[in-house]
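The values are calculated or read from the model by the stated rules, or taken from the named source; none is laboratory data. Since the structure is predicted, the reported quantities are computational estimates derived from the model, not experimental observations. We place every Cβ from the backbone using ideal geometry, glycine too, and count neighbours over all the protein chains shown. With ligands, DNA and RNA removed, areas are computed over all heavy atoms of the protein, side chains included. Shrake-Rupley method; radii C 1.70, N 1.55, O 1.52, S 1.80 Å.
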Amino acid sequence: MFNVKGSIVALVTPFHEDGSVNFDKLKEILEWHVENGTDGILVLGTTGESSTMTHEEDDAVVECTLQTIKGRIPVIVGSGSNCTETAVDKSKKYAAMGADALLVISPYYNKANAQGMIAHFTAVADAVDKPIILYNVPGRTGCSISEEAVKVLSKHPNICGIKEASGNIAYAAGIARYLSDDFVMFSGNDDMVIPLLSLGGSGVISVWANIMPKEVHEMVHNYLNGDTEAALATQLHYLDLIHALFIEVNPIPVKEALNMMGKAVGGYRLPLCEMEETHRKALLHEMKEAGLC
């Protein structure tokens with residue numbers, strides 16, 4: 001079982017000016033999240049830029065995170081790949097290192113059919129003794145985990161949930177039929193947290209939480225504790241800021257936002273690059289409106 005509810009931050013990876021990982025800054029922002037109520041940490045996700053990091057850097061980020069957090073809140077590690085064998089190997093490694101759960105993306109580029117999708121996730125789940133969270137983000141991968149595949153996979157004892165980031169509320173409602181104490185759903189879209197909670201979701205794996213950890217934590221827990229009006233008010237109040245965080249491809253805007261706040265998380269690795277100036281001005285406006293800089 002995976003009992004985490006609330007706000008899990010999809011953490012950025014801080015870089016030095018030369019592009020290397022800034023581990024001192026990583027420790028600093030991890031402590032900031034613990035202090036501000038973040039309910040869980042996800043490293044090596046899309047926001048963490050793992051796609052442009054080496055395997056050695058991935059391992060070092062996981063090790064640093066686990067050593068810094070020291071079990072105070074759960075640490076989830078992205079261990080997926082479009083190669084099943086690679087996903088199995090990475091999942092075994094991070095499970096052995098002490099990850100509390102693993103986030104496994106659908107096999108991008110290959111675009112497997114339902115049978116292949118089920119076999120892919122089953123192979124990973126069979127290989128480890130840690131909870132597996134499916135990651136459905138067709139806008140990134142070019143493929144979706146079908147509702148029928150979710151129905152089958154939700155019954156696997158090691159598959160504990162899904163990060164649903166399709167933006168399709170009809171799909172989310174469809175897979176909500178398979179939620180249980182053993183299979184939960186997290187919103188993967190910051191502008192749809194409340195709608196997915198209303199379908200039985202347990203929280204959000206959030207980009208927005210990188211800059212407002214306390215507020216995202218409180219919003220989710222307000223909803224879960226029955227104060228749905230306060231939760232909805234927070235979601236709607238910050239909607240323009242949330243949209244600004246995706247004005248360009250993630251994680252460019254959220255790293256820029258953190259830098260605007262003085263967090264100094266550095267830049268990006270190609271093919272990601274600096275924001276267009278018009279987009280930066282729009283983001284800065286929303287950051288000022290929110291009182292963040």
Surface share of carbon and sulfur [accessible, 1.4 angstrom probe, percent] for the range 1-130:
47
Sequence of Ser106, Ser144 from largest to smallest accessible area, 1.4 Å probe
Ser144, Ser106
For the range 4-223, dividing by residue count, accessible area per residue (probe 1.4 Å) in Å² works out to 37
What order do Arg269, Arg280 take when sorted by accessible area (1.4 Å probe), most exposed first?
Arg280, Arg269
Normalised Cα Rg of the range 1-114, dividing by 2.2 N^0.38 Å with N its residue count, works out at 1.06
Consider just the alpha-carbon atoms of the range 179-275 and return their Rg together with their Dmax, both in angstrom.
14.7, 44
Taking amide hydrogens as modeled 1.01 Å from N in the peptide plane, which residues meet the under 5 Å criterion relative to Gly6, leaving out close sequence neighbours?
Gly203, Val204
Alpha-carbon Rg/Rh ratio, for the range 126-256, with Rh computed the Kirkwood way
0.97
How many times 2.2 N^0.38 Å is the alpha carbon radius of gyration of the range 4-223?
0.94
Extension gain Glu35-His279, at 0.36 nm per residue separation less the Cα-Cα distance, in nm?
84.8 nm
Ordered by residue, what ³J(HN,Hα) values in Hz, to whole numbers, does the range 241-247 give under the Karplus form 6.51 cos²θ - 1.76 cosθ + 1.60, where θ = phi - 60° and Gly and Pro are x?
5, 4, 4, 5, 6, 10, 5
Would you please give the residues with an amide H less than 5 Å from that of Leu292, counting only those at least 5 places away or on a separate chain, with H modeled from the backbone geometry?
none
In sequence order, calculated HN-Hα J values of the range 104-114 (Karplus, 6.51, -1.76, 1.60; Hz; x Gly/Pro)
10, 6, 5, x, 4, 6, 5, 6, 5, 6, 4
For Met185, other-chain or 5+-apart residues with amide H closer than 5 Å (H placed, Pro excluded) are Ile162, Ser202
Put Asp58, Asp129, Asp191 in order of accessible area, largest first, probe 1.4 Å, and you get Asp129, Asp191, Asp58
For Trp32, what accessible surface area do you get with a 1.4 Å probe? Give it in Å², rounded to 10.
50
The alpha-carbon center of the range 218-269 and that of the range 122-192 are separated, in whole Å, by 23
Just flag the trypsin sites (Lys or Arg not before Pro) in the range 163-224 sitting in loop per DSSP whose Cβ has no more than 14 other Cβ atoms within 10 Å.
Arg177
